[in-house]
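Take a look at the structure set out below.
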Amino acid sequence: MPLLKIDKLSKSFGGLKAVSNLNIEINDGELIGLIGPNGAGKTTVFNLLTGVYDPTEGTVRFSDKDMRGLKPYQVTQRGMARTFQNIRLFSDLSVIDNVKIAYHQRSSYGIFSAFFRLPSYYSGEEEMHRKAMDLLKIFNLDHKAEEIAKNLPYGEQRRLEIARALGTEPKLLLLDEPAAGMNPQETHDLMNLIRWIREKFKLTILLIEHDMSLVMGVCERIYVLDYGTIIAQGAPDEIKSNPKVIEAYLGEEVV
Ligand SMILES: Nc1ncnc2c1ncn2[C@@H]1O[C@H](COP(=O)(O)OP(=O)(O)OP(=O)(O)O)[C@@H](O)[C@H]1O
């Protein structure tokens, strides 16, 4: 049974079919790419998966459960986390608070014990602080824990966004253009980091990315979207030489 099963998924905005009859299956532990030219519908797919949009047609099953009608926070609680194309941190909060907020979504103590500051609240807080610091260490951000998020350099903000997503302890991580705005060295480091966190956190990852060196370097399988439909799927080598893909990207670099 696949971890994620997207079946005949469609989304229309007025007369525009942004996503049309989409079928994708992702198995536990896979690292999958979703690519396509600008406006192909990639981010719309993420918005459909995470409850930002309701599909016009079709279904999404995650861990064999129907995800229909769930709100974004409920999707997070079911074990799906995402990052955004345009970084969306709590920019005026500290680095560590950004990650702790993510853990709060999964915390075991209730609002009652938080309100009355019961012992379970303090032990929960301590545990959360420790876990958040451990995550920041992995992303080499622990020495910046108390800095305000918006003051970090761009590449570090991107890493913090991934750390925050991991704070919700997901099974499936959706990364929307994680290398956007990074230089080649940062992109290379990110590629290694993505591979490493997959192993360390036993994650399944679906990645939207325009940087082909990253996509071809880390993904085991790739789906190619064009005008809202899948025009190709397969291993990186098959995708690189697929005539339909080359045509869709005409004028852009595929390899
Ligand atoms: N909320 C919306 N209302 C109307 N049209 C939308 C909406 N969201 C997306 N679209 C349209 O749907 C199509 C797909 O957009 P989407 O952002 O999913 O593409 P994308 O593949 O992520 O593009 P890019 O690589 O440029 O980020 C585009 O034509 C876009 O203008």
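The values are calculated or read from the model by the stated rules, or taken from the named source; none is laboratory data. Since the structure is predicted, the reported quantities are computational estimates derived from the model, not experimental observations. FYI the Cβ positions are ideal-geometry reconstructions off the backbone, even for glycines, and counts take in every protein chain you see.
Among the residues making up the range 23-51, those that are free of Cβ contacts under 8 Å to residues at least 60 places away in the same chain and over 15 Å from Ile230 (Cα atoms) are Asn47, Leu48, Gly51. Scan the range 56-78 for residues that are touching a residue at least 24 places away in the same chain (Cβ under 8 Å) and either surrounded by fewer than 19 Cβ atoms within 10 Å (Cβ to Cβ) or in a strand (DSSP E or B) (or both) and the total you get is 11. Taken over the range 192-202, residues that are in a loop (DSSP other than H, G, I, E, B) and touching a residue at least 40 places away in the same chain (Cβ under 8 Å) amount to 1. Residues in the range 1-20 that are part of a strand (DSSP E or B) and either touching an Asp or Glu at 6+ places or on another chain (Cβ under 8 Å) or surrounded by 18 or more Cβ atoms within 10 Å (Cβ to Cβ) (or both): Leu4, Lys5, Ile6, Lys8, Leu9, Ser10, Lys11, Ala18, Val19, Ser20.
Taken together, Ala165, Ala179 contain a single residue that is within 16 Å of the ligand (Cβ to nearest atom) and within 23 Å of Thr44 (Cα to Cα), which is Ala179. Within the range 136-183, being of a type in the set (S, T, N, Q) and either under 18 Å from Arg88 (Cα atoms) or outside the structural domain of Ile208 (by TED's automatic domain parsing) (or both) holds for Asn140, Asn151, Gln157, Thr168. When restricted to residues that are free of Cβ contacts under 8 Å to residues at least 12 places away in the same chain and under 27 Å from Leu193 (Cβ atoms), the range 215-244 contains 2. Scan the range 155-191 for residues that are small (Gly, Ala, Ser), in contact (Cβ under 8 Å) with a residue 40 or more places away in the chain and over 22 Å from Ile96 (Cα atoms) and the total you get is 1. In the range 172-189, the qualifying residues are those that are under 13 Å from Tyr154 (Cα atoms) and out of contact with any strand residue (DSSP E or B) (no Cβ under 8 Å at 6 or more places or on another chain), and the one that is surrounded by the fewest Cβ atoms within 10 Å (Cβ to Cβ) is Asn183. So in the range 10-36, with the set limited to residues that are within 7 Å of the ligand (Cβ to nearest atom) and in contact with a helix residue (DSSP H, G or I) (Cβ under 9 Å, 6 or more places away or on another chain), which one is nearest to Lys171 (Cα to Cα)? Out of the qualifying residues, it is Gly36. So, of the residues in the range 127-142 that are surrounded by 15 or more Cβ atoms within 10 Å (Cβ to Cβ) and of a type in the set (D, E, K, R), which turns out to be farthest from Gln157 (Cα to Cα)? By that ranking, first place goes to Lys131.
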